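As C-alpha cells, the structure follows; a few thoughts come after it.
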Amino acid sequence: MNLLANEMGIIMGTSHHEPMAQAQTDWKRYIQKNNMPNVWDYSKNKKVLDEFWKKGIERSKNWEKLVTIGMRGDGDEAMGEGTNIALLEEIVKNQRRIIADVTGKRAEKTPQVWALYKEVQDYYDKGMRVPDDVALLFCDDNWGNVRKLPDLAKPLHKGGYGMYYHFDYVGKP
C-alpha cells in the first residue's frame, strides 16, 4: 500500500499510536516471526522496540512520509500509570537517532509528528516538548470536542500544527 501511495505522490503516515512507520499489525508479525514475547513496554523491551522501529524506517526510507514519533501503550492504551516524561523523552530521542542513522540525514530532514492524543496531551501540558521541527498534532476527545489548540499568545511552533479528528468514532465503543 505504501509503495503504491508513494508512486502516486500521496504522503502517508501511521496513526497516533503506531510510531516509526510501523503499524500495530507489523509489531504482531515481527514478534511472531522472531519468536519474541509481546512486550510493548519501552522500559522493559527497549532493544527489541528500537530494532523494530529501525526496520520501519529502513523499509520506508525512500518514501515521502510523515513519521509518528513517541509511544502509547499496546493496543492504543496509556503507557502506564502517571506521566513518565523522562521515559517518553528518551523514546523520542532514540527514535530521532534511529531516523538520522538510517537516513544518513539529520532527523529534522524527515517530517515527523507527535500526536497529543488522550494522555499524551498530559505530557505536553506538564511541560514535555519535542524538537521544534516536529509537528504537533492536536486531537478531539472522541466526542467531537477539540481538546486543545495552539496558544496564540505564545510563539508559533516551528514544526507546525495538525488536527486529528475522529469523524467516524464518537464516544466509547
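The numbers here are math on the coordinates, done by the rules we state, and not lab data. Since we're looking at a predicted model, the values are computed, not measured. We place every Cβ from the backbone using ideal geometry, glycine too, and count neighbours over all the protein chains shown.
Taking the range 146-167 as the search range and keeping residues that are assigned to a loop (DSSP other than H, G, I, E, B) and among the aliphatic types (A, V, I, L, M), which one is nearest to residue 120 (Cα to Cα)?
Quick first cut of the range 146-167, residues assigned to a loop (DSSP other than H, G, I, E, B) only: 147-160, 165-167.
Adding the requirement that they be among the aliphatic types (A, V, I, L, M) leaves 149, 152-153, 156.
Values: 149: 14, 152: 21, 153: 22, 156: 20 Å.
Among them, the one singled out is 149.
What number of residues within the range 73-90 satisfy the criterion of being under 19 Å from residue 37 (Cβ atoms), in a loop (DSSP other than H, G, I, E, B) and of a type in the set (D, E, K, R)? Even if it seems obvious, please write down each step before you answer.
Step one: filter the range 73-90 for residues under 19 Å from residue 37 (Cβ atoms), giving 73-75, 77, 79-80.
In the following step, the residues that additionally are in a loop (DSSP other than H, G, I, E, B) were identified as 74-75, 79-80.
From what is left, the residues that are of a type in the set (D, E, K, R) are 74.
Qualifying residue count, the range 73-90: 1.
Hey, residue 125 hits all of (1) under 18 Å from residue 71 (Cβ atoms); (2) buried (at least 16 other Cβ atoms within 10 Å of the Cβ) but one; which does it fall short on?
So the condition that residue 125 fails would be (2).
Of all residues in the range 94-112, how many are assigned to a helix (DSSP H, G or I) and exposed (fewer than 14 other Cβ atoms within 10 Å of the Cβ)? Quick ask: steps written out before the conclusion?
Start the filter on the range 94-112 by keeping residues that are assigned to a helix (DSSP H, G or I), which leaves 94-103, 107-109.
Filter once more, so that each one left must be exposed (fewer than 14 other Cβ atoms within 10 Å of the Cβ): 97, 101, 109.
Count: 3.
Report, by residue number, each residue of the range 31-75 that is of a type in the set (S, T, N, Q) and either farther than 21 Å from residue 114 by Cβ or within 14 Å of the chain's Cα centre (by Cα) (or both).
Initially, the range 31-75 is screened for residues of a type in the set (S, T, N, Q), giving 32, 34-35, 38, 43, 45, 60, 62, 68.
Matches in the range 31-75: 32, 34, 35, 38, 45, 62, 68.
Is it fair to say residue 14 is of a type in the set (S, T, N, Q), within 24 Å of residue 104 (Cβ to Cβ) and surrounded by 15 or more Cβ atoms within 10 Å (Cβ to Cβ)?
On the way: of a type in the set (S, T, N, Q): yes; within 24 Å of residue 104 (Cβ to Cβ): yes; surrounded by 15 or more Cβ atoms within 10 Å (Cβ to Cβ): yes.
For residue 14, the condition - of a type in the set (S, T, N, Q), within 24 Å of residue 104 (Cβ to Cβ) and surrounded by 15 or more Cβ atoms within 10 Å (Cβ to Cβ) - is met.
Please go through the range 92-128 and give me each residue that is out of contact with any strand residue (DSSP E or B) (no Cβ under 9 Å at 6 or more places or on another chain) and in contact (Cβ under 8 Å) with a residue 60 or more places away in the chain, ordered by number.
Within the range 92-128, just 98 meets the criteria.
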